[in-house]
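Here's the structure we're looking at; comments come further down.
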Amino acid sequence: MTAIEQHTPATPTAARQYYRVKDAAMVLCVPPRTLYHLVEKEQIPCRRLGTVILIPAAWVDREPAMPPKRR
């Protein structure tokens, strides 16, 4: 067994269930403020844990990313 094989986990990692707003914004190619605005208007699903806003990964993965802006 090589050194790399010894350090790899035997069980697969769990799939992501939620994204923080900043991470979801990167995936969707939109500014984080856009997602905060949609959360405030209750237009997207979210969960709040104290001050942290979590967006379901199922919603983020289903929504199409914005195309890059032309220059």
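The table that follows gives values for the structure above.
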{"read-out": "Close pairs from segment 36-61: first surrounded by 10 or more Cβ atoms within 10 Å (Cβ to Cβ), partner part of a helix (DSSP H, G or I) and not hydrophobic (A, V, I, L, M, F, W, C), Cβ under 8 Å, at least 6 apart", "value": "I53/Y36"}
{"read-out": "Subset of segment 54-71 (residues that are under 11 Å from the mean Cα position of the chain (by Cα) and of a type in the set (A, V, I, L, M))", "value": "L54, I55, A57, A58, V60"}
{"read-out": "Residue in segment 49-66 that is in contact with a Cys (Cβ under 9 Å, 6 or more places away or on another chain), in a loop (DSSP other than H, G, I, E, B) and modelled with pLDDT under 95 present", "value": "yes"}
{"read-out": "Residues of segment 14-31 classified as without any contact (Cβ under 8 Å) to a residue 24 or more places away in the chain and surrounded by fewer than 16 Cβ atoms within 10 Å (Cβ to Cβ), total", "value": "4"}
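The values are calculated or read from the model by the stated rules, or taken from the named source; none is laboratory data. Keep in mind it's a predicted model, so treat the numbers as computed, not measured. Glycine gets a Cβ as well: all are built from the backbone with ideal geometry, and neighbour counts include every protein chain shown.
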